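Report on the structure given below.
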Amino acid sequence: MGVGYVPWAGVRDFASFGMSKAAFAIPAEIFNGDLPVHVVVYNYNRARLDRVVNLNFTAEKAGPAETSPPTGVWLWSWTSDANVNYYSLPKEINGRKLNLDEETFENLMGAPAEGNIFVQIAWDLPENLAGLVGFNIYRSSDGVNYKKIAFRTALYGFDSGIGIEAGNRYFYKVRSVYADGSESEDSNIASVVPLDIFKVKLLSPANNSTGVSRRPVLKWAPVDKINSNKVPVLGGGLLDESKIAYHYTPWIYDTVQSDYQHLLAVDSEFETFDFSTYGPQQVSVKFLDPFWLGKVMNWIFILNGQAYLYPFDQLEAFKTYEWGLDYAVATYYGYDEDGDGFYDSVAYSTTIDLGYDFDRWVNDADYYNRFTTGGDN
């Protein structure tokens, strides 16, 4: 249910799952005037019904509250080129109600071209809970001038993404809201630089190459999202690029099997091996090597959903394979500015994620390289 807006999977005021009936107490103190209340329900076939009920909210006068601010504000930013629109438009921009055509919407600042930006804000409860009805979230692009972007009753909220650009720093703070309408002082201020999108260039084996070694060396490198001959800059000049960690794992695909056979490396715990570097560096690994940068690797193949140790010492001769990456993700951990022993922010940028390791949805690779082995090692 959403008061004053259409709720969705990321933002809602109240929710109930697997129930035919539900009751919620809407705190009238935090709303004012006539507002549409959207009650959205789904059946088991995912059929959707949005019933709109107009209610008039009139706050009752309450005595002054003893206020205290939330603590431990923490930010989680995610930039992705997955074709998923998960942010919603605000009700108004610059005081004008939104009634936008497609062209106007496309020209709004927000996520980078062919991508999305998502920021989650979380915090801890304030000391004083008496009369507490929720929290106001504020955002600033300069650390001085703040604008309220959301009210939430939970201990987390989401920035819509409109007005956020990759490579810029944004500051967030939260205030407690009480039944008499009063706000607390500011929480701690946390900031985050949403990372820009990058792409991956598959270097070797090259596409459509033949006579490739039966123990090929897989090489790839992160590149600029537009120019594949440039090194990516994800932090807009505000971050130390050498402290941005890039994570990958390559897969080789057997294209002859009726069901795809995937060949990949796993670590000593049989988890997907994470080939990670700091900064945008070229990465290479030789198929069936037992170590990478001193870390133990095992090579397995997945067939019909089952995983097995790869039983041979090389690929098959004169056979065609494809190779690419299962995921390619960049991460940056911000500072512990409030001294609570935890990072105040984490920023992700995903360009490939075929599973659910990093991305919230499947993020397909742009392409794969096809190659054919020779008869020698």
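The values are calculated or read from the model by the stated rules, or taken from the named source; none is laboratory data. A quick note: this is a predicted structure, and the numbers were derived from the prediction, not measured. Cβ placement follows ideal geometry from the backbone for every residue including glycine, while neighbour counts extend to all protein chains displayed.
Inspect the range 297-313 for any residue being in a loop (DSSP other than H, G, I, E, B) and under 29 Å from the mean Cα position of the chain (by Cα) and give the result as yes or no.
yes
Sort through G10, G33, G4 and tell me the only one that's at pLDDT 65 or above, surrounded by 13 or more Cβ atoms within 10 Å (Cβ to Cβ) and within 22 Å of K147 (Cβ to Cβ). Before the answer, list the steps.
Numbers: G10 fails: at pLDDT 65 or above; G33 fails: surrounded by 13 or more Cβ atoms within 10 Å (Cβ to Cβ).
Going through G10, G33, G4 in turn, the sole match is G4.
Looking at (1) under 27 Å from D81 (Cβ atoms); (2) in a loop (DSSP other than H, G, I, E, B), which one does V285 not meet, given that it meets all the others?
Unmet condition: (2).
Could you please tell me which pairs satisfy a Cβ distance under 6 Å, a separation of 6+ or placement on different chains, a first residue in the range 327-350 that is modelled with pLDDT of 90 or more and surrounded by fewer than 16 Cβ atoms within 10 Å (Cβ to Cβ), and a second residue that is in a strand (DSSP E or B) and of a type outside the set (K, R)?
Matching pairs, first to second residue: Y333/V346.
Against the conditions (1) under 23 Å from E269 (Cβ atoms); (2) touching a strand residue (DSSP E or B) at 6+ places or on another chain (Cβ under 8 Å), where does E316 fall short? Just the number, please.
If we test E316 against (1) under 23 Å from E269 (Cβ atoms); (2) touching a strand residue (DSSP E or B) at 6+ places or on another chain (Cβ under 8 Å), just (1) comes out false.
Scan the range 303-316 and tell me whether some residue there is under 30 Å from R169 (Cβ atoms) and either in the same structural domain as S204 (by TED's automatic domain parsing) or of a type outside the set (A, V, I, L, M, F, W, C) (or both).
no
Do any strands (runs of 3 or more DSSP E) lying entirely in the range 159-258 carry at least 1 residues that are surrounded by fewer than 18 Cβ atoms within 10 Å (Cβ to Cβ), free of Cβ contacts under 8 Å to residues at least 40 places away in the same chain and of a type in the set (K, R), and which ones are they?
Filter on the range 159-258 gives 198-204.
Look at S209 and say whether it is in the same structural domain as F301 (by TED's automatic domain parsing) and under 25 Å from the mean Cα position of the chain (by Cα).
No.
Of these, D289, D326, D274, D267, which one is out of contact with any strand residue (DSSP E or B) (no Cβ under 8 Å at 6 or more places or on another chain), of a type in the set (D, E) and in the same structural domain as K225 (by TED's automatic domain parsing)?
On inspection, the qualifying residue turns out to be D289.
Go over the candidates A179, A150, A122 one by one and state the one that is at pLDDT 90 or above and small (G, A, S).
Of A179, A150, A122, the one residue that is at pLDDT 90 or above and small (G, A, S) is A122.
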